[in-house]
1. Can you work out which of the residues in the stretch A:64-106 that are without any contact (Cβ under 8 Å) to a residue 40 or more places away in the chain and either of a type in the set (Val, Ile, Thr) or assigned to a strand (DSSP E or B) (or both) is farthest from A:Glu148 (Cα to Cα)?
2. Among the residues of the stretch B:43-53, is there at least one that is part of a helix (DSSP H, G or I), crowded, with 19+ Cβ neighbours inside 10 Å and of a type outside the set (S, T, N, Q)?
3. For residues that are at the interface with chain A (Cβ under 9 Å from one of its Cβ atoms) and surrounded by 12 or more Cβ atoms within 10 Å (Cβ to Cβ), scanning just the stretch B:166-186, find the one that is nearest to the chain's Cα centre (by Cα).
4. Consider the stretch A:115-158. How many of its residues are part of a loop (DSSP other than H, G, I, E, B) and more than 7 Å from every other protein chain (Cβ to nearest Cβ)?
5. Please enumerate the residues belonging to the stretch A:198-223 that are open to solvent by less than 50 Å² (accessible area, probe 1.4 Å) and over 28 Å from the mean Cα position of the chain (by Cα).
6. Within the stretch B:228-239, identify whether any single residue is at pLDDT 95 or above, more than 30 Å from A:Ile50 (Cβ to Cβ), buried (at least 16 other Cβ atoms within 10 Å of the Cβ) and within 11 Å of chain A (Cβ to nearest Cβ), and answer yes or no.
7. When you go through B:Tyr150, B:Tyr142 one by one, which is the residue that is more than 30 Å from A:Pro219 (Cβ to Cβ) and open to solvent by 20 Å² or more (accessible area, probe 1.4 Å)?
8. Does A:Glu195 count as open to solvent by less than 90 Å² (accessible area, probe 1.4 Å), facing another protein chain (nearest Cβ under 7 Å) and on the phi > 0 side of the Ramachandran plot?
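The values are calculated or read from the model by the stated rules, or taken from the named source; none is laboratory data. Small disclaimer: the values here were computed from a predicted structure and weren't measured. Positions of Cβ are generated from backbone atoms using ideal geometry, with glycine treated the same way; all protein chains shown enter the neighbour counts. Surface areas here come from the heavy atoms of the whole protein model, side chains and all, with no ligands, DNA or RNA. Shrake-Rupley method; radii C 1.70, N 1.55, O 1.52, S 1.80 Å.
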2 protein chains.
Amino acid sequence: MHNSTLNSIFNRTSLRKYKNVEIEENHLNLILESAMRAPTAGNMMMYSIIVVKDARTKELLSKTCDNQPFIAAAPVILIFLADMHRLYNYFESCNIKDYCNKTNVKFKTPNLSSLFLAAGDAFIAAQNTVIAAESLNIGSCYIGDIIENYEIHKKHFNLPDWTFPISMLCLGYYPDDYPKKVTPRFDKKYIIHSEHYQDLNKDDFKNMYELYENKISKPNKYNAENFGQFLYGRKFGQEFSSEMERSINVILKHWLKK
Amino acid sequence: MHNSTLNSIFNRTSLRKYKNVEIEENHLNLILESAMRAPTAGNMMMYSIIVVKDARTKELLSKTCDNQPFIAAAPVILIFLADMHRLYNYFESCNIKDYCNKTNVKFKTPNLSSLFLAAGDAFIAAQNTVIAAESLNIGSCYIGDIIENYEIHKKHFNLPDWTFPISMLCLGYYPDDYPKKVTPRFDKKYIIHSEHYQDLNKDDFKNMYELYENKISKPNKYNAENFGQFLYGRKFGQEFSSEMERSINVILKHWLKK
């Protein structure tokens with residue numbers, strides 16, 4: 001019924017178990033070229049992608065990214081960096097400080113606005129990767145935990161100060177006969193707003209989360225009485241959440257040279 | 001040669017001139033459903049999308065987003081918000097503070113890590129929108145300038161403190177016989193790294209930017225002697241760049257309740 005691009009989008013699901021074969025070189029190339037076709041602010045491509053195939057590095061990432069063993073089994077891992085380092089090195093090679101002095105343009109090192117633009121570039125390129133991969137029967141899983149343990153990643157991957165490891169993707173072919181099951185999303189009336197932002201009320205939340213409310217066991221390991229408490233306990237009450245906050249603050253110190 | 005999903009990705013270009021017809025309701029629905037199929041951290045969908053069709057609002061956005069008149073002529077505009085407001089309202093409806101007190105889990109309001117996760121969710125959903133639109137012959141253009149002039153947008157769109165207008169898309173059908181021309185990207189050897197981040201040198205930059213170096217006129221309106229200076233003058237030396245930085249700092253004050 002849909003065109004095949006929409007089918008790739010509608011049928012995509014996070015894959016955490018991969019067929020035990022390498023990704024073909026021509027497929028990986030198509031995926032990386034798709035990433036690079038992503039829209040980018042001012043065509044500046046303020047991101048870099050690190051391709052990881054080394055087994056020991058995958059092992060490291062499986063530990064530093066909130067101890068998720070399946071990461072080590074992914075045939076290919078891509079790390080997406082918001083990258084202002086490359087652009088500022090280029091500016092330096094163009095004598096940018098002389099230019100700023102001569103023309104009275106203020107010389108600014110990377111700040112929060114370039115961080116958000118570069119992070120946008122990186123996320124947008126990552127999602128092109130996901131859709132391209134899906135169309136080639138290659139599944140993917142985002143790992144937001146790459147933001148954690150910055151010091152370890154900075155050292156291992158040789159990350160300059162003006163790079164920010166913003167997202168990571170595990171990639172691998174779907175296993176044969178994989179029972180693909182698409183995760184339900186909330187009804188669009190809760191996500192899509194017309195002309196202005198509209199608040200939801202208690203009844204809306206009850207309907208919105210009904211499916212999940214009925215799914216959790218009571219009692220449960222988070223001592224939660226309802227799904228909201230369960231979700232908070234599982235996602236925001238955990239150590240990895242505090243670690244991510246700590247790590248971001250360290251990254252920002254490097255980025256802003258504070 | 002490629003599958004049609006890859007064709008949608010490879011042929012997409014930023015469209016700033018739209019066919020003067022409404023977007024069909026079924027097409028807009030498919031686009032919004034595609035956005036909502038995007039991967040999202042913990043299936044929490046920490047974003048909201050505001051659909052703008054109102055002519056006066058488009059007129060406003062064309063001014064507040066760095067004075068770009070074509071914005072007002074887009075049949076549909078989508079504003080992507082990183083949104084922790086909805087989730088924290090839900091938590092409140094679940095008596096989250098009582099839960100935290102009872103279980104000794106720390107109650108935290110939205111912080112930088114939830115901002116980056118939510119911003120990722122929003123960007124990733126935006127790019128699904130772009131690819132889905134492209135497959136329906138609907139062109140798109142990202143407007144990063146939605147981050148500017150926060151106070152005006154907050155008031156007009158009724159944005160709660162824990163929402164961050166992170167990106168915007170203009171959408172409309174390609175004009176008939178539109179001469180689609182895909183923008184060149186840098187060679188992948190400058191963007192893709194194997195296993196570790198690698199620095200580029202002066203010769204790399206010379207090759208990387210050669211195409212652009214030969215394109216700018218000398219003299220030029222930015223008094224730039226080379227493309228690096230030209231790019232800095234055009235992108236980072238401008239008022240909109242300072243305004244974005246100012247605006248982000250205001251948004252962060254609201255987000256972090258400082």
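1. Step by step, filter the stretch A:64-106, then rank; the result is A:Thr103.
2. Step one: filter the stretch B:43-53 for residues part of a helix (DSSP H, G or I), giving B:43.
Now restrict to residues that are crowded, with 19+ Cβ neighbours inside 10 Å: none.
No.
3. The qualifying residue nearest to the chain's Cα centre (by Cα) is B:Ser167.
4. First, the residues of the stretch A:115-158 that are part of a loop (DSSP other than H, G, I, E, B): A:136-137, A:143, A:148-149, A:158.
From the residues that got through so far, the ones that are more than 7 Å from every other protein chain (Cβ to nearest Cβ) too are A:136-137, A:143, A:148-149.
Going through the stretch A:115-158 one residue at a time, the tally reaches 5.
5. A:Asp204, A:Asn220 - these are the residues of the stretch A:198-223 that are open to solvent by less than 50 Å² (accessible area, probe 1.4 Å) and over 28 Å from the mean Cα position of the chain (by Cα).
6. Taking every residue of the stretch B:228-239 in turn, at least one turns out to be at pLDDT 95 or above, more than 30 Å from A:Ile50 (Cβ to Cβ), buried (at least 16 other Cβ atoms within 10 Å of the Cβ) and within 11 Å of chain A (Cβ to nearest Cβ).
7. Values: B:Tyr150 fails: open to solvent by 20 Å² or more (accessible area, probe 1.4 Å).
After applying the criteria, what remains is B:Tyr142.
8. Numbers: open to solvent by less than 90 Å² (accessible area, probe 1.4 Å): yes; facing another protein chain (nearest Cβ under 7 Å): yes; on the phi > 0 side of the Ramachandran plot: yes.
Against the criterion (open to solvent by less than 90 Å² (accessible area, probe 1.4 Å), facing another protein chain (nearest Cβ under 7 Å) and on the phi > 0 side of the Ramachandran plot), A:Glu195 qualifies.
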